[in-house]
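A short worksheet on the structure shown next.
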Amino acid sequence: MQMNLFSLAAACLPEKRLDLGARMGMMPAKLVGGIMVEVHARIDPESENALAIQMSSVHKWFGDFQALNDVSLEVNQGEKIVICGPSGSGKSTLIRCINRLEPHDKGTIVVDGHTLTNDLRQIETVRSEVGMVFQQFNLFPHLTVLDNVCLAPVWVRKMARAAAEKLAMQLLERVQIQEHAFKYPGQLSGGQQQRVAIARSLAMSPRIMLFDEPTSALDPEMVKEVLDVMTELAEQGMTMIVVTHEMGFARAVADRVIFMDEGQIVEDASPEVFFDHPKSERTRQFLSQILAH
Ligand SMILES: Nc1ncnc2c1ncn2[C@@H]1O[C@H](COP(=O)(O)OP(=O)(O)OP(=O)(O)O)[C@@H](O)[C@H]1O
Ligand SMILES: [Mg+2]
């Protein structure tokens, strides 16, 4: 019965390549203290001072096409990284490799001390620690907002329904959408749906959040409400990688801004250096194009 429900939902959703567990971050993981509402970065004593993410010489091919070409990236715990670059430059592929939605072909990726391999248990552990928010929200259309947020805590974390609802309401309050808890996604604006999607990811108490162009499908007036929620998360110490072309957000929130082109990291600098003194001509050209709008 539940599996039928899940299969139906999966079939309705646009991102076919994404398996359901990954979509929901629905993997078994430890939960400390029953309900976990605070989204302050959780520091695991074993991994204290460790890098949150370490990518070394990562290569990724789709057939003959090389989507990532010798990408190395280190992200400290609590760091906020913005990634930008032209369409097809490998931004989504890079962040999808971090939670193994795409397997990389060469090089190493270590997430919170776990080296990514084909080991399914390892992948589950990593996915339980890494939340992901997509451009197209990917909410389950036939479930209420509250049920969308409760799903993973109930089915993966085995949380009692009442506790899951309490957690969900607190998270919905956090993203200021609590008054819509009993509506269906189709009854909400894009900005509201995206805030629900963020709340749903947070319900799994992730240590790292990946955002793939979370505002690019939104009408301009809804962009700010989503960026405000992300800014608040950043201020609370969440480790974040955000693919976005919202350069105001990058300037205000990012510790580092990365520019990708043709599967490579071309620039990796503080916002001040990135915007005012980029070292590469390609970055300068890109910035002049997007800042002109
Ligand atoms: N599953 C796939 N199969 C084949 N090619 C793919 C696949 N996913 C991505 N690619 C190709 O890899 C390249 C990088 O794609 P990716 O989605 O990472 O780019 P992007 O920088 O996120 O682009 P955009 O800004 O348009 O989202 C593109 O040329 C894309 O066509
Ligand atoms: Mg993309």
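The values are calculated or read from the model by the stated rules, or taken from the named source; none is laboratory data. Since the structure is predicted, the reported quantities are computational estimates derived from the model, not experimental observations. Here Cβ is always computed from backbone atoms with ideal geometry, including for glycine, and neighbour counts include all displayed protein chains. Side chains included, ligands, DNA and RNA excluded: accessible areas come from the protein's heavy atoms. Shrake-Rupley method; radii C 1.70, N 1.55, O 1.52, S 1.80 Å.
Just the residues that are at negative phi, part of a loop (DSSP other than H, G, I, E, B) and modelled with pLDDT of 95 or more, please, taken from region 62-100.
Those that are at negative phi, part of a loop (DSSP other than H, G, I, E, B) and modelled with pLDDT of 95 or more: Asp64, Gln77, Glu79, Pro86, Ser87, Ser89.
Among the residues of region 187-204 satisfying the criterion of being open to solvent by 10 Å² or more (accessible area, probe 1.4 Å) and over 11 Å from the mean Cα position of the chain (by Cα), which is farthest from ligand 1 (Cβ to nearest atom)?
Out of the qualifying residues, it is Gln187.
Hey, among the residues in region 124-142 that are within 16 Å of ligand 2 (Cβ to nearest atom) and of a type outside the set (Phe, Trp, Tyr), which one's most open to solvent (accessible area, probe 1.4 Å)? Show your work before the answer.
In the first step, residues of region 124-142 are kept if they are within 16 Å of ligand 2 (Cβ to nearest atom); the result is 132-138.
The next check asks that each one be of a type outside the set (Phe, Trp, Tyr); those that pass are 132-133, 135-136, 138.
Working: Met132: 15, Val133: 2, Gln135: 70, Gln136: 99, Asn138: 2 Å².
The qualifying residue most open to solvent (accessible area, probe 1.4 Å) is Gln136.
So, Val145, is that one touching a helix residue (DSSP H, G or I) at 6+ places or on another chain (Cβ under 6 Å), at pLDDT 95 or above and within 16 Å of ligand 2 (Cβ to nearest atom) or not?
Answer is no for this residue.
When the residues of region 256-293 are narrowed to those that are in a loop (DSSP other than H, G, I, E, B) and small (Gly, Ala, Ser), which ends up least open to solvent (accessible area, probe 1.4 Å)?
Ranking the qualifying residues of region 256-293, first place goes to Gly263.
Tell me yes or no: at least one residue of region 110-121 is open to solvent by 10 Å² or more (accessible area, probe 1.4 Å), part of a helix (DSSP H, G or I) and either modelled with pLDDT under 95 or out of contact with any Lys or Arg (no Cβ under 6 Å at 6 or more places or on another chain) (or both).
Within region 110-121, one or more residues are open to solvent by 10 Å² or more (accessible area, probe 1.4 Å), part of a helix (DSSP H, G or I) and either modelled with pLDDT under 95 or out of contact with any Lys or Arg (no Cβ under 6 Å at 6 or more places or on another chain) (or both).
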